[in-house]
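Okay, so here's the structure we're looking at.
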Amino acid sequence: MFKKIYINFKSILFDKKNRKNLILFLFVLFLIIYLATFASPKITLIAQIQNVTDMDYNMFIDINDEIPLEKKTRDNCRFISVSIKVVNPILLVRDVKFDNLTLQKYLFDTQYFNNTINEIKFLGQYSSPSNNEFSEGIDVYMEGMTNEKLKEFFGDDKITVTWVDLFNRKHKQILYLKDYFL
């Protein structure tokens, strides 16, 4: 019996027609395993600190709050934005989700735990979530504000991206804003 199997195996390997089919089959099998094992979405994250718009600055000046008017300068206001976009390899990655702490919630939580409640004031926010994209921005006020101080403050904020691969394995990638500030 083993001799018969050996002869059939030998005929498969040494027959030119069968050899080409076998090589093609092994190549396709290797390619599928490789793609399924190493496939991950392409994640693009951009975090920026910019000057506030004229409209937002004018609204800030008109707000009747405890900040004296002479301290309400453009130098003390900034707009922080975060945009993330995910491109999926077709059929290899699915169920991409963003799990993040919003900038506003991060601002309030961090100030509460550090007892710096009034160090940075929240002025306004926008948010634009969708399936494979997420954008968020907030306007903030801080006396003596510098971009370095804001990068340090928001540096530990993170966005977690999760997805499921072809074999139903769950994957997770954590992106810290400090690594992506422009």
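Just so you know, all these numbers are worked out from the coordinates, no wet-lab data involved. This one's a predicted model, so the numbers in the text were calculated from it and none came from an experiment. Here the Cβ positions follow ideal geometry from the backbone for every residue, glycine too, while neighbour counts run over all protein chains shown.
What the table below lists for this structure:
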item: Shape call, region 20-78: gyration tensor on alpha carbons, a/c limit 1.5; result: prolate
item: Euclidean distance between Cα centres, region 87-110 to region 147-182, Å; result: 8 Å
item: Hz values of 3J(HN,Hα) by residue in region 119-135 - Karplus curve (6.51, -1.76, 1.60), Gly and Pro given as x; result: 5, 10, 9, 7, 10, x, 8, 9, 8, 9, x, 8, 4, 10, 9, 8, 10
item: Karplus (6.51, -1.76, 1.60) ³J(HN,Hα), θ = phi - 60°, over region 154-159, in Hz, Gly and Pro reported as x; result: 8, x, 8, 5, 9, 10
item: Given 121/149; 85/172; 72/158; 85/121; 121/158, the pairs whose alpha carbons are separated by over 19 Å; result: 72/158; 85/121; 121/158
item: Calculated from backbone phi, Karplus (6.51, -1.76, 1.60) coupling profile of region 163-175 in Hz, x at Gly/Pro; result: 7, 10, 8, 4, 9, 6, 8, 8, 10, 9, 10, 9, 10
item: Listed peptides 135-141, 156-162 by packing density, highest first (mean Cβ within 10 Å); result: 135-141, 156-162
item: Cα-projected label distance for residue 108 with residue 48, points at 7 Å along beta-carbon direction, nm; result: 2.7 nm
item: Stretch gain in nm, segment residue 63-residue 170, where the contour uses 0.36 nm per residue and the Cα spacing is subtracted; result: 33.8 nm
item: Relative contact order for region 41-179, counting Cα pairs under 8 Å that sit 6 or more residues apart, in percent; result: 27 percent
